[in-house]
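Peer 1: Dropping a structure here in structure tokens format, bear with me for questions.
None of the figures in this text is laboratory data; all of them are computed from the coordinates on show. Note that the coordinates shown come from a computational prediction; the quantities given were computed from them, not determined experimentally. Ideal geometry is used to build each Cβ from the backbone, glycine not excepted, and the neighbour counts take in all protein chains shown.
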Amino acid sequence: MPRTKKSAEDEDTAAAPAAAGTASIDSIARDIATAIVEKRLPPGTWLREEALGRVYSVSRTKVRAALLTLSKDKLIEIIPDKGAFVCQPSVKDAREVFAVRRVLESEVVRLFIANAKAADYQTLEQHIRFERSTLNQSVTTTSGSVRERLLGDFHVALAQAAGNDTLAELVRELVARSSLIAMLYHSSNDPHCSSDEHADFLKLCRAGQVDAAVSSMCDHLSRIEQSLELGSEKVDRQLDLVKALLA
Ligand SMILES: [Zn+2]
């Protein structure tokens with residue numbers, strides 16, 4: 001797929017974050033992952049090692065290590081002789097991600113109901129209250145991408161409370177990829193609707209209704225998938241790399 005190489009050739013290195021020079025590989029990878037999930041770095045963006053090195057005031061070796069971490073999470077793609085790019089999941093990838101999420105998160109629901117303690121329910125109920133208060137804030141104070149990330153965090157928190165760390169890690173990766181997919185395929189998902197579905201789902205878990213809770217989760221994921229425009233592959237977008245990371 002052709003890619004558009006637009007990035008921050010002329011940006012000033014003075015714009016680097018406060019902790020310049022001290023950023024670890026993990027913290028750089030986390031920062032870039034957050035920028036991708038929050039849609040500041042859209043699919044197809046060329047992640048120039050030199051520009052990233054200037055943003056974080058670190059060596060290209062460190063940048064390369066951070067990019068390698070992100071490529072393992074399928075958030076970026078490293079193309080030999082070309083560089084690193086934010087992944088552009090295909091329609092097939094998108095459908096596969098949601099199909100796998102339904103399988104894995106069904107198991108998350110079963111494990112959660114079997115293992116969850118009162119504190120886990122309280123944490124998730126608190127998360128739903130936070131979702132609602134954030135969703136009720138004006139659009140100008142909360143960006144759509146932050147609200148969407150918050151909704152994804154519910155699924156990650158649920159998986160973490162289920163007690164299987166390997167499963168939770170897979171769900172975390174798939175939720176992050178789902179954000180990329182939602183961005184690329186213009187999700188028309190209503191965040192209020194998703195938050196209401198989280199609340200209804202949690203009530204079923206509390207009542208110990210395993211089958212109904214599993215169905216509720218699968219229906220929820222199917223509805224999110226159906227809100228995507230998966231009719232055609234999307235093309236590259238462009239943006240300013242350095243400004244996006246410093247936003
Ligand atoms: Zn959800």
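Peer 1: Based on other C-beta atoms within 10 Å, arrange I25, I78 from fewest to most.
Peer 2: Details: I25 17, I78 14.
The fewest-first ordering by Cβ neighbours comes to I78, I25.
Peer 1: Based on alpha-carbon positions alone, could you give the equivalent ellipsoid semi-axes of the stretch 91-226 from the gyration tensor, as √(5λ), descending, whole Å? Walk me through the numbers before you get to the answer.
Peer 2: Values: eigenvalues 96, 69, 33 Å².
Ellipsoid half-lengths, sorted descending, are 22, 19, 13 Å.
Peer 1: Net charge around E169, counting only other residues with Cβ within less than 12 Å of its Cβ (Lys, Arg = +1; Asp, Glu = -1)?
Peer 2: -1
Peer 1: Right, something else. Please give, to one decimal in nm, the separation of the simple spin-label points placed at A65 and D211, each 7 Å out from Cα toward the Cβ.
Peer 2: Taking the two extended label points, one gets 5.2 nm.
Peer 1: Of A161, H220, L124, which is farthest along the charge dipole of the stretch 91-226 in the positive direction, counting Lys and Arg as +1 and Asp and Glu as -1 at C-beta?
Peer 2: Towards the positive end, the residue furthest out is L124.
Peer 1: Explain nothing, just compute: Karplus ³J(HN,Hα) = 6.51 cos²θ - 1.76 cosθ + 1.60, θ = phi - 60°, for every residue of the stretch 99-107 in order, whole Hz, x for Gly and Pro.
Peer 2: Per residue, the Karplus-derived 3J(HN,Hα) values read 5, 5, 4, 4, 5, 5, 6, 4, 5 Hz.
Peer 1: Where does each of C193, C87 land when they are ranked from fewest to most other beta-carbon atoms within 10 angstrom?
Peer 2: C193, C87
Peer 1: Over the stretch 91-226, what is the relative contact order in whole percent, taking alpha-carbon pairs under 8 Å and six or more residues apart?
Peer 2: Once normalised by length, the contact order is 40 percent.
Peer 1: Net charge near R60: determine it from the other residues with C-beta under 14 Å of the C-beta of R60, scoring Lys and Arg +1 and Asp and Glu -1.
Peer 2: +2
Peer 1: Pop out the ³J(HN,Hα) list for the stretch 46-57 in order, Karplus 6.51 cos²θ - 1.76 cosθ + 1.60 with θ = phi - 60°, rounded to Hz; leave Gly and Pro as x.
Peer 2: Couplings: 7, 9, 6, 4, 5, 5, 5, x, 6, 4, 9, 6 Hz.
Peer 1: Still on this structure: From the phi angles alone, apply the Karplus equation (6.51, -1.76, 1.60; θ = phi - 60°) to the stretch 70-81 and give each ³J(HN,Hα) in whole Hz, x where the residue is Gly or Pro.
Peer 2: Values per residue, Gly and Pro as x: 5, 6, 5, 7, 6, 8, 10, 10, 9, 10, x, 6 Hz.
Peer 1: Within a Cβ distance under 13 Å of K203, other residues only, what is the Lys/Arg minus Asp/Glu net charge?
Peer 2: Charge balance near K203 sits at -3.
Peer 1: By count of other Cβ within 10 Å, fewest leading, how are V171, V210, V97, V103 ordered?
Peer 2: Lowest to highest Cβ neighbour count: V103, V210, V97, V171.
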